[in-house]
Every structure is written in C-alpha cells, then in structure tokens.
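S.K.: This is the structure, below, for whatever I ask next.
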Amino acid sequence: MLWLLLACTDVETETAVTAETEDVGTRFGFPLPERDRFPTLIGVDHDAVVQPDTILGRATCKDYEDRGFPHCYDEHHGSDYLLEGAFESMDAGSSPIVAAADGVVFEIADGNYDRCHADADAGGVVCDGHDKVANYVILQHVDGLFSLYWHMKSGSVQVAVGDEVTCGDALGLVGSSGESSTPHLHFEVTDPSGAVIDPYSGPLSQSASLWADQLGVDLLPGAGCAE
C-alpha cells in the first residue's frame, strides 16, 4: 500500500496551497454519489517544503489536520478518493463523477489510456507504453474558482467545453489515466490565479470549509447539492 500511494503523483500543479478564501462564495457538494465505494482519502499537502524525491521524502507531508502520510504525500495538491476494488471495480462499470457545484465546462480531455498503475520495478507509475496523459474535466464557477476532476475512465466524459452544468450533473467515470497508480478521483480547487485551495478547513487549512457540509475528521463531506 505504501508504494501504491507514493506512486500516484496526480496533477503537476506548480502553485502553492493558499488559505485566502474568506471572500470565496462557491461551496461544493461531494462529487462521488456512490460514496460508500471510496473509503480512502489522500489529502492536500500543506507542508511548504519540497522534499527530496525519495520514498521518505515523498512520505513527508502535512494534511489539513496536521497529520502526515498516509493522509497526504509531498507536493500533493488535491484530494484523492480511491475506488474500492481498484481495477476490478473499474472494469465492472466504475463509479460516476458529478459536478460538485454549478459552473461552466472550461476544459476537458478524453480518449487517453486509463489503466495506468504503479510499478515498483519501473520506480513509479507506468501506462503500458501509452502516453501518461489524464482524462479530465475542469469547471469554472461564478466567483472565478475552478474545480478539477482528474484521471477519468477513457470515453466516459459526458460534457463539452462551454456547457453549463448544475451541481450533481454527470461528468464522467472514475478511471486511472495519467499519473495514477490506481482508479480514483483527484478533486482539486484553484482560485482565479491558479493557486490551490484545500476545500477542507482545519488547523493547517483555511478557517471556512469550501464543502457545503464538511462533517467530521475522516468522514466524507456531505452530498450537498450533489445528491
């Protein structure tokens, strides 16, 4: 499990995590309706230090509750929700991803290989000879925030650029495309400048949660509008 988590580097976001969210109006519902299928969360890294690219370095991090690995890993800028049953579950039909808030489709990618996985011999994620490119949807919200839905199953994206979506509308299915070691959703929020915002509130994050209903530590956020 240690290797599996550390092999998943997700979206390469160069901007740092920010806590400046006092004027933000968008609040998100949980984007995975089949919530019982996602028992594992790997959160945003709030440790500003870029650690050495070693097993120990990548496992050095701080999540929103000031906890280390496996609650996060170094330079992780989103919230990962791992699909229980991994590729077997994905092959059986996977699980839907929905819009976490009203917005407009800003960017999409589809058709890329979706069975990327961790390979200890290769020292990271491999895509079996295919380009390591994710399928994804990015939404822009009325206050300028963006929400990113990464690593989707190939051929599953159900929206087009410019579409207006309502919270709870289907976007696609969970997959393992791009820098992904196992089927999961990487959900990320950025402000208009591109700086990452952790939607969870906590000791190392902002004081106001961006979730419509954050609930307790280690619990999935409430469905909110995404019921």
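The values are calculated or read from the model by the stated rules, or taken from the named source; none is laboratory data. The shown structure was predicted, so the numbers you read here are calculated from the model rather than taken from an experiment. Methodologically, a virtual Cβ is constructed for each residue, glycine included, from the backbone with ideal geometry; neighbour enumeration extends over all protein chains shown.
S.K.: Looking at the stretch 150-184, which of its residues are more than 14 Å from the chain's Cα centre (by Cα), among the acidic types (Asp, Glu) and over 17 Å from Phe106 (Cβ atoms)?
M.R.: none
S.K.: Could we say that Leu220 is under 22 Å from Ser95 (Cα atoms) and assigned to a strand (DSSP E or B) here?
M.R.: For Leu220, the condition - under 22 Å from Ser95 (Cα atoms) and assigned to a strand (DSSP E or B) - is not met.
S.K.: Out of all the residues in the stretch 184-202, is one or more at pLDDT 95 or above, of a type in the set (Ser, Thr, Tyr) and in contact with a helix residue (DSSP H, G or I) (Cβ under 7 Å, 6 or more places away or on another chain)?
M.R.: There is no residue in the stretch 184-202 that is at pLDDT 95 or above, of a type in the set (Ser, Thr, Tyr) and in contact with a helix residue (DSSP H, G or I) (Cβ under 7 Å, 6 or more places away or on another chain).
S.K.: Could you go through the stretch 71-83 and let me know if any residue there is small (Gly, Ala, Ser) and in contact (Cβ under 8 Å) with a residue 12 or more places away in the chain.
M.R.: yes
S.K.: When you scan the stretch 83-98, how many residues do you find that are farther than 10 Å from Lys153 by Cα and of a type in the set (Ser, Thr, Tyr)?
M.R.: 1
S.K.: Within the stretch 207-217, take every residue that is aliphatic (A, V, I, L, M) and crowded, with 19+ Cβ neighbours inside 10 Å and give me the one that is farthest from the chain's Cα centre (by Cα).
M.R.: Selected residue: Ala212.
S.K.: So, in the stretch 185-198, how many residues would count as being within 19 Å of Asp143 (Cβ to Cβ) and under 11 Å from the mean Cα position of the chain (by Cα)?
M.R.: Matching residues across the stretch 185-198 total 4.
S.K.: Among the listed residues Ala59, Ala101, identify the single one that is over 13 Å from the mean Cα position of the chain (by Cα), over 22 Å from Leu148 (Cα atoms), buried (at least 17 other Cβ atoms within 10 Å of the Cβ) and not charged (D, E, K, R).
M.R.: Ala59
S.K.: Still on this structure, I have one more. Please work out which residue is surrounded by the fewest Cβ atoms within 10 Å (Cβ to Cβ), limiting yourself to the stretch 175-206 and to residues that are part of a loop (DSSP other than H, G, I, E, B) and among the aliphatic types (A, V, I, L, M).
M.R.: Filtering first and then ranking leaves Ala195.
S.K.: Continuing with the same structure: Do you know which residues across the stretch 113-130 are farther than 14 Å from Ala86 by Cβ, touching a residue at least 40 places away in the same chain (Cβ under 8 Å) and not hydrophobic (A, V, I, L, M, F, W, C)?
M.R.: Tyr113, Asp119, Gly124
S.K.: Next question, about the same structure. Being under 15 Å from the mean Cα position of the chain (by Cα) and farther than 20 Å from Ser180 by Cα is the filter here, so list the residues in the stretch 104-144 that pass it.
M.R.: Leu139
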